[in-house]
Every structure is written in structure tokens, then in C-alpha cells.
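> Before anything else, here's the structure in question.
Here, each number is a calculation from the coordinates, and none is a lab measurement. Small disclaimer: the values here were computed from a predicted structure and weren't measured. Glycine also receives a Cβ, built like all others from the backbone with ideal geometry; neighbour counts cover every protein chain displayed.
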Amino acid sequence: MRSWSTWVLSTLGAIVLVISTGAYADGSVSFKADIAPFVNQRPFFADFIARSFTLTTDTGWGVRIDSPTMPDMSGARIGPYQFQAIWHSPKGDVPVTLIIDTDVKYFDAKGQEILSGDLTKTEKITESLSSVEVEPARK
């Protein structure tokens, strides 16, 4: 028979696991359709990415918004975005994960930017490119 403390710790562990997996999840995005429009607003970065990397596929991953956080935006994706790519380094091609970091702004139904921290009223999101990172390729 399990002790009370073992049962409590097991239950708390399960609750934390369920909450953490619901709070963060990846969702697929298209570089051409979803990411390129705001990357192209920063020509230096757009040119750097085009010259330095070849995406292995147009599909990447962003943070997927869940329903309780922003009910009207459920399923939308926001940065950071990750894409598998080939970096054309001076020493040859290297598989990498290309990360596109963004600055996100949240707007309510009246078009007012939400600055209070209560994102449940979000009805529109805008993103702008903030930085580009490179990490070893995912395995």
C-alpha cells in the first residue's frame, strides 16, 4: 500500500505534467506564407538568411496559442520559429536549426494594444522580426 505522501507527490507530478504540456505546444508554419512577410520588412536580415541558409523544408515550428490563454486566437502561432536548415559556412555546409525570434504585440477588438497583461481579450496579433539565432540541428 502506498503512503499518503507518495500518493500526493505522484498526483502533484501528474498535474504539473498536464499543465506544462497544455501551456506550451508547437504548431507548424510555412516560411514563405507565414514568416517571410515580416522577415522581408527587415531587408538586411532577409538578405542574410537568403545568402547564408537553405531551408531543408518550408515547414517549421512556432509556439501554438491554446484556448484558455487567448480564446479568440486559439491555434495561432507566434515566435520563436524554428526551421531545419543548411548553413553555408566558410568551411562548408552544416545542418542547423534556424530560429526566427519575434516581437509580438497583442490587440483587442477595438484595435487597442493590450499592455495590461490580460491577453484573454486578444483578437489580433502582429509580429516583427527581432533577431535570428542558429543552433545545432535538432536530432
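> Determine the gain in length on full extension of the stretch THR59-SER28; use 0.36 nm per residue of separation and subtract their C-alpha separation, reporting nm with one decimal.
Numbers: separation 31, 0.36 × 31 = 11.16 nm, distance 0.64 nm.
Gain on stretching THR59 to SER28: 10.5 nm.
> What are the ³J(HN,Hα) values, in whole Hz, obtained from phi via the Karplus relation 6.51 cos²θ - 1.76 cosθ + 1.60 with θ = phi - 60°, for each residue of the stretch 48-64 in sequence order, with x given for Gly and Pro?
Karplus values, whole Hz, x for Gly and Pro: 4, 5, 4, 7, 9, 9, 10, 6, 6, 7, 6, 8, x, 10, x, 6, 8.
> Around VAL29, which amide H atoms from residues at least 5 apart in sequence, or from another chain, sit under 5 Å from its own amide H, with H modelled in the peptide plane?
Result for VAL29 returns GLY60, TRP61, GLY62.
> Taking neighbour counts of Cβ atoms within 10 Å as a proxy for exposure, in what order, fewest first, do ASP108, ASP103 appear? Mind dumping the intermediate values first?
On the way: ASP108 17, ASP103 12.
In order of increasing Cβ crowding within 10 Å: ASP103, ASP108.
> For the pair GLN41 and VAL134, how long in nm is the line joining their label points, each one 7 Å along Cα→Cβ?
A separation of 2.6 nm, rounded to one decimal place.
> Give the calculated FRET efficiency between SER89 and ASP66 to the nearest 0.05, with a Förster radius of 41 Å applied to their Cβ-Cβ distance. Before the final figure, lay out the partial values.
Values: r = 38 Å, r/R0 = 0.92.
Plugging the Cβ-Cβ distance into 1/(1 + (r/R0)^6) gives 0.65.
> In sequence order, what are the phi-derived ³J(HN,Hα) couplings for the stretch 93-107 according to the Karplus relation 6.51 cos²θ - 1.76 cosθ + 1.60 with θ = phi - 60°, rounded to whole Hz, with x for glycine and proline?
My calculation for the stretch 93-107 gives 6, 10, x, 9, 9, 8, 10, 9, 8, 10, 9, 10, 10, 10, 10 Hz in order.
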